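All of the numbers you see were taken from the coordinates with simple rules; none came from a lab. Predicted, not measured: the structure shown is a model, and the values here were computed from it. For neighbour counting, all protein chains shown are included, and Cβ atoms are generated from backbone atoms with ideal geometry for every residue, glycine included.
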Amino acid sequence: MREHYIIGQGARPISLEVKIGTPGLAHTWVYLFSDETTFEKIAESGDDDANIAKMPIGTADELDGKFLKIRTSVDFRLMDPEQWPQLIETIFCEYILSGGPEGEQVFRCQADDKSINGEGNIVIIDKIIDLIQSPPA
Amino acid sequence: MKKILISFLAGILVCQAYPQGDIQLEDLQMPASPAFVLLDVAPSSIERPTTIKAFTTSLVNNITETNGIPENYAVDFAPYWFFRHKNLTVMKYWGFNHIGDQYRETPFSQMRYGSLSMASVRSQIPVDTLAELQYVNNIAFGFRTCLFQIRGASAIDELVKLNKKYKDRLKEIADNPLIPGSELANVIAGDEDLLNTINDIRSVLARKPVFAIDLAASGAWSFGNSDFNSISINRYGLWLILSYSQSLNKKEKTIKENYLSLYATTRFLSDHKFLNEEGNISTVQMMDAGGKAELELGRFSIAYEYLARLNLTNSGQQSFRSSGTISYRASEQFLITAAFGKNFGSLNNLISQIGIQWGLTGKNQEVTFD
């Protein structure tokens, strides 16, 4: 589900943190899109996990009108196949944005953010968050 | 034709597998579902829910059907997996963590993945064992877990390297947000390099831990005619196994299949409904303690085990079991075992049997030989 975060205006720094909890092999990329096809990768997780520590992603004025696409790949092929559906359902994912006028906001992944391969053992979670200066009318 | 012949032979051997009745080759093993082994009557089927929703649905359905205590219900589940875990990572799941500049094992971390088992079975019992009660509700609860596990430094190093190899390859093929998620999931699934790395990781995870302690415990109660006030304990038991395994393969070999393993085991059983030779119900407490040494060379293994049985109620009834076992695993689903030696007791105590375990994974009944 596409969501939005109010970033306000000016030079206020906006930060992002990603927390992923799963026993699967997982990795996260964070892309900042200017439009539907123009993007830059601004962060990705390390070797140990799929988390991204709290990091500045730009100021409110720099981010105005852009959106974040936070993509996490989770591979459950090492787990018992009988567990796959439950493991997919119980992936912990939190995307924490802060620095906006309304303070910290926690977004979670929803069922429609997940794409699953035919065998049901690989999940791609795409969380899209619009960065807007004021609440939509 | 070969398969038909093997199936025929298997059928014959299964029929002759345990000619001595109460002697079971798996006696020394820890029960997979401890609650079920203490019941007088085996549940006809066992539910293994993987979600909390499935668990509560099955429980509620069984309670509703019987208007009370389920009459034939058995469930085995690992509650840890019912919930989301914020700090869970693949490395933590494998049993180690990045602390400072080093990866260190977390030996107690496997404990949380333990399983619970519960069973409720209604049975009819002989009237002379429980006066005036014909129907008895048997309920049992049990748990099983790995208390402690050490994989060893080399396994940790390999898992760290393989995890990095997986991630490096993933970054090569998946770092494009314009690929739709469903398409990317299939790209990852079809990538051979990733699959090879997955298989290497699987081989490392399949190795026996250098040291492990497994614990299981269960208790069984009964009460007559759905009258909860008549509840009484039937049995309770505890199993504890310490294992040490030394790989005999070369260090650089990913798949380890040769091991020298040592096991120390103890079991305690308190049976409060023991029917003695005079036909009276009494309480008996027994403890088994012993060990096993096993040499595994690929599909072949040879083992010797010694188990002392201490009757804690009657110190005059001590006994021991001393036996050797030879096994050959023809495939993942097909294990042939021969055992020889002395069983507990002083009469009919010769162990001389050959057995086949068939369909170990429960999914593939077809046997093929290389």
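Coordinate range of the alpha-carbon atoms in region B:163-226 per principal axis, descending: 65, 37, 16 Å. Taken residue by residue and averaged, Cβ atoms of other chains lying within 10 Å of the Cβ of B:88-97 number 5. Summed over all non-identical Cα pairs, the Kirkwood treatment of the protein assembly as shown gives a radius of 26.8 Å. For B:E183 and B:L275, the difference between the fully extended length at 0.36 nm per residue and the C-alpha to C-alpha distance is 26.7 nm. Peptide B:176-184 is shielded by partner chain Cβ atoms: per residue, an average of 6 of them sit within 10 Å of its Cβ. For a paramagnetic label modelled on B:K161 (point 7 Å from Cα along Cα→Cβ), amide N atoms under 12 Å away belong, within region B:242-269, to B:251-254. The fewest-to-most ranking of B:W358, A:W29 by surrounding Cβ atoms within 10 Å reads B:W358, A:W29. With θ taken as phi - 60° and the Karplus curve 6.51 cos²θ - 1.76 cosθ + 1.60 applied, the whole-hertz 3J(HN,Hα) list for region B:98-114 is 8, 10, x, 9, 10, 9, 10, 6, 10, x, 8, 5, 6, 4, 5, 8, x Hz, x standing for glycine and proline. Here the 3J(HN,Hα) profile of region A:94-109, calculated from phi with Karplus coefficients 6.51, -1.76 and 1.60 at θ = phi - 60°, is 10, 10, 10, 9, 8, x, x, x, 9, x, 6, 10, 9, 10, 10, 6 Hz, Gly and Pro shown as x.
Can you run the Rg to Rh ratio on region A:81-137? Use alpha carbon positions and the Kirkwood inverse-distance Rh. Let's see the in-between values first.
On the way: Rg = 15.1 Å, Rh = 13.5 Å.
Ratio of gyration radius to Kirkwood radius for region A:81-137: 1.11.
Give me the percent of Cα-Cα pairs in region A:3-131 that sit more than 24 Å apart, rounded to a whole number.
So the portion of pairs separated by more than 24 Å is 29 percent.
The stretch between B:N97 and B:Y80, if pulled fully straight at 0.36 nm per residue, gains 4.2 nm over its current Cα-Cα span. Ranked by the mean number of other Cβ atoms within 10 Å of their residues, highest first, the peptides A:35-43, B:297-305, B:216-224 fall in the order B:216-224, B:297-305, A:35-43. Averaged over the residues of B:72-83, the number of partner chain Cβ atoms lying within 10 Å of the residue Cβ comes to 1. Pairs from the table (A:K127/B:K164; B:K53/B:K273; B:K208/B:K273) lying more than 31 angstrom apart at Cα are B:K53/B:K273; B:K208/B:K273. Annotation for B:F300 and B:I326: the two label points, set 7 Å from Cα along the Cα-Cβ direction, are 0.9 nm apart.
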